[in-house]
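What follows draws every value from the coordinates through simple rules; no lab data is involved. Because the structure is predicted, anything quoted here is derived from the model rather than measured. Using ideal geometry, Cβ is built from the backbone for each residue, glycine included, and neighbour counts are taken over all protein chains shown.
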Amino acid sequence: MAAGFNRNAIYGPIKTTAPISDTVRYRNTLFGVEEITTLENDQPRKKIIFSGTISKGRFGFVFRNTLFGSTATATIVRNPTDTLYNSFSSKILTDISINYTPKSWMVITVGANNIFNVYPDPLLNRNSGTINYSSGATPFGSNGGYYYVSMRLNF
């Protein structure tokens, strides 16, 4: 079992340069709500991994559950008063593999990562369907399950 817990936070006012000329997207802000939300919530505050390995003769079995904590993003849509907040729930991914060792120098493995095909929560504003998932606040891939066969040779 392994676990990681963290917390990022901003304390006090953000120190910036003198006011800059207004733009459509930022109004005199160098470190706004998007950046603050990214720093504090873009990565999960917890990640817990439970893994088990069993070996029996020439066979080996691996089972692993990984819990990724919740995340969040903020995107300024038109101007600083139109901010779109996205919250993404915790997810558990399950990986399994079976390996066979026919010779001491060869190991054949069949396995699956994310066997239950868990996907991240979709974005609220999907940009006309072209972007379904957050590129930043997703601690695991958005392609679902991954299945494989591999062979390892020891020389």
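Computed on the Cα trace of the range 33-130, the radius of gyration divided by the Kirkwood hydrodynamic radius gives Rg/Rh = 1.21.
I need MET151, MET106 ordered by Cβ neighbour count within 10 Å, fewest first. Could you put the intermediate results ahead of the total?
Working: MET151 9, MET106 12.
Lowest count first: MET151, MET106.
Extension gain PHE116-ILE54, at 0.36 nm per residue separation less the Cα-Cα distance, in nm?
Difference between extended and current length: 20.2 nm.
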